[in-house]
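The values are calculated or read from the model by the stated rules, or taken from the named source; none is laboratory data. Quick caveat, the model's predicted, so the values are computed rather than measured. All Cβ positions, even for glycine, are placed from backbone atoms using ideal geometry, and neighbour counts span all protein chains on display. These area figures cover heavy atoms from the full protein model, side chains too; ligands, DNA and RNA do not enter into them. Shrake-Rupley method; radii C 1.70, N 1.55, O 1.52, S 1.80 Å.
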Amino acid sequence: WKAGGSSSNNNGNQFLFAPLDDVVMGGASSSEFDNETGIWGGTVTAANSGGFVGIRSTPFSVAPLDMSQCTGLVISLRSRGDGQEEKRLKAVLRDSTDFNGVCWTSCFDYRSKGSEWNILSGLLN
């Protein structure tokens, strides 16, 4: 996936992202993901026993990626925040098109450095 790509243009993205926030469980957090810019933003709140925002890819429009030779995957992103609270990022990968099939996860915690952009990387293996 790359910013500026879509499943219907020449940039070749095989999938798009859409928000999946705690409102699915009665929470009040919300987020938006712009597939043209790659910017994901929103508000996390503990109201109504919530407290998470997420994005999920749409199903691939072509055959899934062949990752049989991979030994891991590095996920990199830029983040900024208030620098006050520790955040937890969780990445989930699936190897089937089943909506809730078997998945592999990795989590890492970070604290932003104020409102400046931070580069975060996590290894999923």
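Using a 1.4 Å probe and counting only protein heavy atoms, arrange D109, D21 so the residue with the most accessible area comes first.
Largest to smallest exposure gives the sequence D109, D21.
Could you pull out which residues in segment 74-99 have an amide N less than 17 Å from a spot 7 Å beyond the Cα of T105, following the Cα-Cβ vector?
Answer for segment 74-99: 87-96, 99.
With a 1.4 Å probe and all protein chains kept in place, how much accessible area does E36 have, in Å² rounded to the nearest 10?
Accessible area of E36: about 110 Å².
Between T97 and E32, what's the calculated FRET efficiency when r is the beta-carbon distance and R0 is 25 Å? Round to 0.05.
So, using R0 = 25 Å, E works out to roughly 0.50.
Could you order peptides 37-48, 97-108 by the average number of other Cβ atoms within 10 Å of their residues, highest first?
37-48, 97-108
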